[in-house]
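Remarks on the structure that follows.
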Amino acid sequence: MDHTPPFQYLLRQSIKRFISLSLLMTLLIILVRFYEILFISGKAGYPAGSTSELMYGIRFDLSLSLRLSVILLIPFLIIDHFSIRAARIFFGAITAVVVGGEILLLQYFATTRTPLGSDLLGYSAAEIKQTVDASGQFSLTTFAPVLILLGITWYLFHKLYYFKIAHQVIRFYILSLILAFLPIGRYNPDPVDYKNEFSLNIAANKFNLFSGSMLTYFSQTNEPSNFELNGKTQVAEDIKPDGVQLSNLNEPLIQNTGNSLNPENPFTYLSQDYPFLHKESTPDVLAPFFKSDTTAPSIVFILVESLGRAYCGEGAYLGSFTPFLDSLMAKSLYWENCLSTSGRTFSVLPSMLGSLPFGEKGFADLGDKMPDHLSLISLLINRAGYTSSFYYGGDTKFDAMEPFLRREGTTKIVGIHDYGTEYKQLPSDKNGYSWGYGDLDIFKKYLTDLKSHETEKRVDVMLTLSMHNPFMVPDQQHYNDLVEKRMAEQHLTEDQKKYNRQYIPQFATMFYFDDALRYFFQEISKLRSYENTIFVITGDHRMPEIPISTQLDRFHVPLVIYSPMLKMAEAFSSIVTHYDVTPSLLAWLKDRIHLTLPSVTSWIGHGLDTNPAFRNLNEYPLKRNTGELTDYISGDHFISGSTLYKVYPDLNIEPENNPALNDQLQKQFANYKAKNNFATKGNQLIPDSIKKYNRP
């Protein structure tokens, strides 16, 4: 007669099998960490001292293993009750996914210096393929370690899956699982424990970061929620639907006669139906710097891929590798503490040209659902008879740039398919991929086309390309040599030189851009329209492939406004953002060319601050990638995630223990997110009575 063991015995045996498999998973996850230490870190050029931080990160690998074990425990026990083999296959398959995913995620990080997270969801399959191809890092050899580790996983789970475990180990492991289940400890590193953001990211388990980012993304509600307007809560369900028209817009519901750069008078918002709508009171701070004239100037934006302050301009902490641009700064209006609005390219056009909110994955990504709005381009085209063009060396549909610009009224858009045989694409990587045409060819193409219509009033935009993976430019060795020469000229210390030599290709692309910019100004200065043109130069974000020092450093870019019409040059240390450019340019043009503008707008920006001393009068959201809106600056404080920082004059930041202030800023930030969600999910940026300004 068959004897069926008691349930308690079966449960104990299942738990023993579970613990043995869980220990194997832990071993494999830690093995991936040692793969990163021994093979990836050296090849990728991690900075000196990274090994100790990588070793310290084993605690987060253990955290991942325990957390997964807690999640898998009940499903495993249920499956094991019916089939021991099926339970083993189930656990092994999950382990294989985690191990393979972790290897790919750390290889992505080694290439981009940025952990992959929910930003993955912000790009189409074609855009992801283009980015991967451009990196030049993913090939058959990329998957070799994945296959090797998966082979080891198969062997362990097929041959060594159950082994005898001491009772003390079992008790200790069960206690660890209980502690992992409790809401104590950290799954990811605490920023206050690390000297810079790169150190934090290499210590972290990349699968932990990825899964946490995805969990946060999917747990966020995309439905409009309550928000405060001028200190009063607005209930989203009671807000009127799209199509509401405001009357008496020249007489705001709440008067605000204050200067928008006055910290005592921030925006007063006018309508619960349009939560960003406020009186247009941007002061004209640019007029004192320009010669008096009533001629309509042309405006040329030069948006530079990955141009960060870390390696550009006087005082750059890595040394400056843009000598021509540095010389131009001395003749310009120059903001050394400008912030991009995101850590990727996706927001630079909406922020610079429209001072627009983010939406969910970037304003341009909204496509056909993009709310009606105003922008510099649309206002100048429709109210002042300007023309507009856009030049880029790659695919203009990337990051929805072309659809956004078409919406603004830009008619001439030049991308990778619009260059003739006289232009040459950037060198191809080992896989034969080139991102597109380099900066010099972009400038040459623009100059050639400009000669046929330079008498027109224009607002033109160029977005460069070369300071981007795979960091390959024409005459590569020449620019590599210039990097070494430049370091000697700037008297960098031997430690600084040693650090910078890990990133010679990246610095070389900066020199290539700088040479191209020198050529551009040499040639455009020969044209008649040059004397009546304003040039706005800034970076779209800081380059992540050179390790980022702080959470704020990723947004730190230079802002330069140069023109032959300037009557004086000035440098400013006040904090400004890309959001502030369009409001200030329009405020200046309003009186200069008698431009008729609406009395109310929905600009996020308050206008450029021309105070030469360090200060920040406003508050701004900063979106590090398409999937993560976690950063916010207000005055001289900055929050990143749950951590509060004090901001210092060089834009360095230090953690500050001030729970009350942290809570206040977190609430302000949450309120912006609610307003952003409400305004961009519907058509709630500007009312119908303002839309006439988008018509001739």
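The values are calculated or read from the model by the stated rules, or taken from the named source; none is laboratory data. Note that the coordinates shown come from a computational prediction; the quantities given were computed from them, not determined experimentally. Neighbour counts run over all protein chains shown; Cβ positions are idealised from the backbone, glycine included.
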**Q.** Residue check for HIS491: on the phi > 0 side of the Ramachandran plot and surrounded by fewer than 15 Cβ atoms within 10 Å (Cβ to Cβ)
**A.** yes
Q | Of residues in region 640-656 being in a loop (DSSP other than H, G, I, E, B) and of a type in the set (S, T, N, Q), the one surrounded by the most Cβ atoms within 10 Å (Cβ to Cβ) | A | ASN652
Q. Scanning region 611-630 for residues that are part of a strand (DSSP E or B) and modelled with pLDDT of 95 or more, which turns out nearest to the chain's Cα centre (by Cα)?
A. LYS623
Q. Residue check, MET487 against (1) touching a residue at least 60 places away in the same chain (Cβ under 8 Å); (2) over 29 Å from the mean Cα position of the chain (by Cα), all met but one. Which one?
A. (2)
Q.
I'm trying to understand the selection: among the residues of region 362-385, which are surrounded by 23 or more Cβ atoms within 10 Å (Cβ to Cβ) and part of a loop (DSSP other than H, G, I, E, B)?
A. GLY362, HIS373, LEU374, SER375
(Q) Give me the residue from region 401-422 that is of a type in the set (Ser, Thr, Tyr) and exposed (fewer than 15 other Cβ atoms within 10 Å of the Cβ) and, out of that set, nearest to LYS445 (Cα to Cα). (A) THR421
Q.
Could you go through region 505-517 and let me know if any residue there is more than 30 Å from TYR108 (Cβ to Cβ) and touching a residue at least 40 places away in the same chain (Cβ under 8 Å).
A. yes
**Q.** Condition check for LEU28: part of a helix (DSSP H, G or I), modelled with pLDDT of 85 or more and hydrophobic (A, V, I, L, M, F, W, C)
**A.** yes
Q: Please find, within region 458-484, the residue that is surrounded by the fewest Cβ atoms within 10 Å (Cβ to Cβ) out of those that are under 21 Å from GLU314 (Cβ atoms) and under 28 Å from the mean Cα position of the chain (by Cα).
A: VAL483
Q) Would it be correct to say that ALA87 is surrounded by fewer than 21 Cβ atoms within 10 Å (Cβ to Cβ), assigned by TED's automatic domain parsing to the domain that holds GLY45 and of a type in the set (Gly, Ala, Ser)? A) no
Q) Which of the helices (runs of 4 or more DSSP H) contained wholly in region 46-116 include at least 3 residues that are modelled with pLDDT of 90 or more? A) 58-82, 84-112
Q) Among the residues of region 342-357 satisfying the criterion of being modelled with pLDDT of 95 or more and part of a loop (DSSP other than H, G, I, E, B), which is surrounded by the fewest Cβ atoms within 10 Å (Cβ to Cβ)? A) PRO357
**Q.** Residues of region 296-336 classified as within 17 Å of the chain's Cα centre (by Cα) and over 17 Å from LEU465 (Cα atoms), total
**A.** 2
Q: Taking SER292 as the residue in question, decide whether it is of a type in the set (S, T, N, Q) and farther than 21 Å from THR596 by Cβ.
A: no
